[in-house]
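The values are calculated or read from the model by the stated rules, or taken from the named source; none is laboratory data. The structure presented is a predicted model; accordingly, all values stated were derived computationally and were not measured. Here the Cβ is made from the backbone with ideal geometry for all residues, glycine too, and neighbour counts use every protein chain on show. With ligands, DNA and RNA removed, areas are computed over all heavy atoms of the protein, side chains included. Shrake-Rupley method; radii C 1.70, N 1.55, O 1.52, S 1.80 Å.
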Amino acid sequence: MPPTLRRASPLRLELPGHPVATLALAAAGAGLLTWLAAGRSKRAGPASQGGRQALPDRGRSYGSRGAEVTASAAQRLNHASSMLAASVLFDSGLEHYRGQFFNRAMYTPIVVSSITLASSLHGAGDTDPGSSRVRHAAQALAGLTGLVGFGFHAWNVGKREGGYSFQNLFYAAPIGAPMALTLAGILGVVAERVRDADPDAPELAGLPAGKVLALATAGMLLGTTAEAGLLHFRGAFQNPAMLLPVTLPPLGAAALALAATRAPGASQTEAKAAMWAVSAMGIIGVAFHAYGVARMMGGWGNWRQNLIDGPPLPAPPSFSGVALGGLAALELLERHRSRF
């Protein structure tokens, strides 16, 4: 009889070290490469000519003051994107670690948010006009990844028994969480567009940049409020401070919408105060969530368990990130005259 052929077992690649450590190294490496590439892809900005900025591709010149305002607003937008990306990086890391990364797609937001964070931090330190192609591409990737993640989470909720019930919305994959990465990407893309805009009359999609950005960030605040409200409703608002994320941000959104209706150049003191209040709330929220972890059985002594199951520490700063985007919009509204 002919010899029996044995079926060879598939070759498996075993990575050294803990999988989480490998993932962290991969994310850090991707971020570092993005940082290095962002500078090399920087588009040449305007050359200074006697205190004015000359834009050869447009054949026009603008006052240096206008260029300073757009550069400052772009940097603030990069700070906003950085805060949102960092929030996503640590929040998705904790939540997906709790889920044991059972789906390989769960690695994606960690790597992409690392790239987005590096790109945004690079932009935050960039004081020159002109955009970076790598930064722009990285931010666009973040926006798309967040939308795909939203689809995955929505599918995860809908496939459970009972479908889109409160029970599943409370305890399945948080349906709105991936959109924070999309918001980070949008703010990062807008930062690059503002850098390339006419410094005296910056526009987005053919409309005044300040007005468009103010209305967009108002919508972002309302969306972030909806996600926080769902989870705080699950917690029965047992601490009165849990009402703040569902009351203060909507008021801030209303202030931004009102600011967009005012005449260009008008003072936006009240709206800026509202944005700083929302930003502070996001930072203070980390302390409240840390207190929530401390109240769980074992407190911080059982941090490995309680950090995963307790209130998410990285979530509240997403409000701060969006509020910084609102401050950039107000800066553009206050210091630029519109042609509309």
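When you take every Cα atom in region 185-326, what is the radius of gyration, and what is Dmax, the widest Cα pair distance, in Å?
17.8, 58
If I stretch the segment between Gln167 and Arg295 completely, what's the gain in nm (0.36 nm per residue apart, minus their alpha carbon distance), one decimal?
43.7 nm
Sorted by packing (mean other beta-carbon atoms within 10 Å per residue), highest first, where do 320-332, 214-226, 300-312 land?
320-332, 214-226, 300-312
When all protein chains stay in place, what accessible area (Å², nearest 10, 1.4 Å probe) is found for Phe166?
Accessible surface of Phe166 is approximately 130 Å².
If I ignore ligands, DNA and RNA and count only protein heavy atoms, how much of Asp196 is accessible to a 1.4 Å probe, in Å² to the nearest 10?
Asp196 has an accessible surface of roughly 50 Å² with all protein chains in place.
Go through 283-289, 262-268 and give me the packing order, highest mean Cβ count within 10 Å leading.
283-289, 262-268
Taking a probe of 1.4 angstrom, what is the accessible area of Ser165 in Å², to the nearest 10?
40 Å²
Compute the FRET efficiency between Phe152 and Leu32 as 1/(1 + (r/R0)^6), taking r as their Cβ-Cβ distance and R0 = 30 Å, and round to the nearest 0.05.
0.65
Would you calculate the separation in nanometres between label points at Arg133 and Thr261, each defined as 7 Å from the Cα along the Cα-to-beta-carbon direction?
4.4 nm
Among Leu169, Leu243, what's the order by accessible area (1.4 angstrom probe), most exposed first?
Ranked from most to least accessible, the order is Leu243, Leu169.
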